[in-house]
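J.: First the structure, which I've put down as structure tokens, then a few questions once you've had a look.
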Amino acid sequence: MSSRTITRAQLSEAVYQEVGLSRNESADLLEMVLGEMSQALVRGETVKISSFGSFSVREKGQRIGRNPKTGEEVPILPRRVLVFRPSQLLKARVNEGPVGRQLENG
């Protein structure tokens, strides 16, 4: 499995290549989109991107956990967690990719 990571700079460059904005405008556009998504999630809203997936925040209540090393019970405090649910189209694309094909061919 590849450990390649796509960075903000690479996303910005892709916008520059595809849309034709200047590099600075492309970077600003990317920052605006990511900022708006972040702000919506902080407010507890769901962010849906058609054909890609949905980001949402889920409230998790307090529960009792266990330290695996000592076996000691420890309370886990309530928290908010970010959840991503890919669309069916994205799932299909991922499974059709080179890794998915390798798995099918064994």
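J.: Read through the list (1) modelled with pLDDT of 95 or more; (2) within 23 Å of residue 83 (Cβ to Cβ), then give the number of the only condition that residue 6 fails.
T.: The failed condition is (1).
J.: Could you please let me know if residue 4 is surrounded by 10 or more Cβ atoms within 10 Å (Cβ to Cβ) and among the basic types (Lys, Arg)?
T.: Details: surrounded by 10 or more Cβ atoms within 10 Å (Cβ to Cβ): no; among the basic types (Lys, Arg): yes.
Considered against the rule, which asks whether it is surrounded by 10 or more Cβ atoms within 10 Å (Cβ to Cβ) and among the basic types (Lys, Arg), residue 4 comes out as no.
J.: Please go through the range 19-65 and pick out each residue that is surrounded by 14 or more Cβ atoms within 10 Å (Cβ to Cβ), in contact with a strand residue (DSSP E or B) (Cβ under 8 Å, 6 or more places away or on another chain), of a type in the set (Gly, Ala, Ser) and not in a strand (DSSP E or B).
T.: Answer for the range 19-65, where residues must be surrounded by 14 or more Cβ atoms within 10 Å (Cβ to Cβ), in contact with a strand residue (DSSP E or B) (Cβ under 8 Å, 6 or more places away or on another chain), of a type in the set (Gly, Ala, Ser) and not in a strand (DSSP E or B): just 40.
The values are calculated or read from the model by the stated rules, or taken from the named source; none is laboratory data. Since we're looking at a predicted model, the values are computed, not measured. Counting neighbours? That spans all protein chains shown, and the Cβs are built from the backbone with ideal geometry, glycine included.
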